[in-house]
Structures are given as structure tokens and as C-alpha cells.
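Working notes, structure below.
The values are calculated or read from the model by the stated rules, or taken from the named source; none is laboratory data. Since the structure is predicted, the reported quantities are computational estimates derived from the model, not experimental observations. Counting neighbours? That spans all protein chains shown, and the Cβs are built from the backbone with ideal geometry, glycine included. With ligands, DNA and RNA removed, areas are computed over all heavy atoms of the protein, side chains included. Shrake-Rupley method; radii C 1.70, N 1.55, O 1.52, S 1.80 Å.
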Amino acid sequence: MTSVLRRVALPALLMTVLAGCGLTGPDTYELDEKHIEVDQGEEFTLSVPVDTAMGEWWYLTSPEPDPDVVRKTDKREEIEADDDAVGSGSGTDFFDFKAVGPGTTEIRLIQCPHGACAGGGDAGGPVTPSPVPSGSPTPQKKYRATIHTYTVTVRKS
């Protein structure tokens, strides 16, 4: 093997081996990745964009995923605030899960623009879309709660 080929092949081989060792952390799935397959024991994250400046929040909603298949382990957020405007910011919410047993379940996240949701949220109880009073016009789509459903299949390890 030539020295040039060795210099190119060795780093590529090393990256492949390290990627297989889980050194890169849990897999992260974006908003458009609705079908997820993971191995039992694996940790994974759902990543969703959030606009806190507009009063938008995300929650895990009912029905919750089957606890024999996946369990929520954490919720984190990274907000990039505009230093010049109080209360401004956008960023990402991260919902962390662990695949605990083989099977398929759904994870439902609700995206809540300001005033579009009712319920307990992080304080307890399910978060649901707020009802629209009868006789009132239906709000534009960007002002309504939206439920995003992820189908997760856990393979037996």
C-alpha cells in the first residue's frame, strides 16, 4: 500500500470504527424524521425548533409512548437570545429517550404557539390544543397547536 493511500485510508477507517462505538453520543432525529429505528438499550433524541420570542413551546403529549418500549429521560433546550431585545430568542428543544424493550410505539410532541394549548405541561397533566370558542373564526395555521407523531421501532439487541 502506498504511503498516500495509507494516509487517506487510515483516517477513514478510524472514523468508521469510532462511529460504530457510540462515541458520537445518542442519535438525534429532526422534525422531518418521523420513522425511527433503534436498538434496545440505545439512547436517542428528538430535536425540534422553538421560537420563544413568539411564545412557542413544545411538550410530550398524550397518549404517551409505551413505557415498555421507550422512556423519556430528559428535556433540554438551547435558546439563542438577542441581547438587544428582552424575551427574544429562538433555538432548539431536545427530548431525550432510551429504548428499553423491543416493539413499536408512538411519541407525540405538541407544538404550542402562544395561547394555542391548554393543560398542565411540565407542571403535570396532558397538554392539548386549546378549544376555539364557538362562533369564533378558526385561527391561521401558524397560530394553532400542531401534534407531531414519531413512530419508533426498537429492535431486540
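Structure notes:
- Between 38, 50, the distinction of being of a type outside the set (Gly, Ala, Ser), touching a strand residue (DSSP E or B) at 6+ places or on another chain (Cβ under 7 Å) and modelled with pLDDT of 95 or more belongs to 38 only.
- When residues in the stretch 47-69 are screened for being in contact (Cβ under 8 Å) with a residue 40 or more places away in the chain, in a loop (DSSP other than H, G, I, E, B) and crowded, with 16+ Cβ neighbours inside 10 Å, 4 of them pass.
- Any chance residue 136 is modelled with pLDDT under 75 and touching a Cys at 6+ places or on another chain (Cβ under 8 Å): no
- Search result, residues across the stretch 113-133 that are open to solvent by 30 Å² or more (accessible area, probe 1.4 Å), of a type in the set (Gly, Ala, Ser) and modelled with pLDDT of 75 or more: 115, 118, 119
- Just one of the numbered conditions (1) at pLDDT 80 or above; (2) open to solvent by less than 30 Å² (accessible area, probe 1.4 Å) is not true of residue 72: (2).
- Test: residue in the stretch 97-112 that is among the basic types (Lys, Arg), at pLDDT 95 or above and part of a strand (DSSP E or B): yes
- Taken across the stretch 10-32, residues that are in a strand (DSSP E or B), open to solvent by less than 60 Å² (accessible area, probe 1.4 Å) and at pLDDT 95 or above do occur, with at least one present.
- The selection criterion, being modelled with pLDDT of 85 or more, within 24 Å of residue 154 (Cβ to Cβ) and open to solvent by 20 Å² or more (accessible area, probe 1.4 Å), holds for residue 94.
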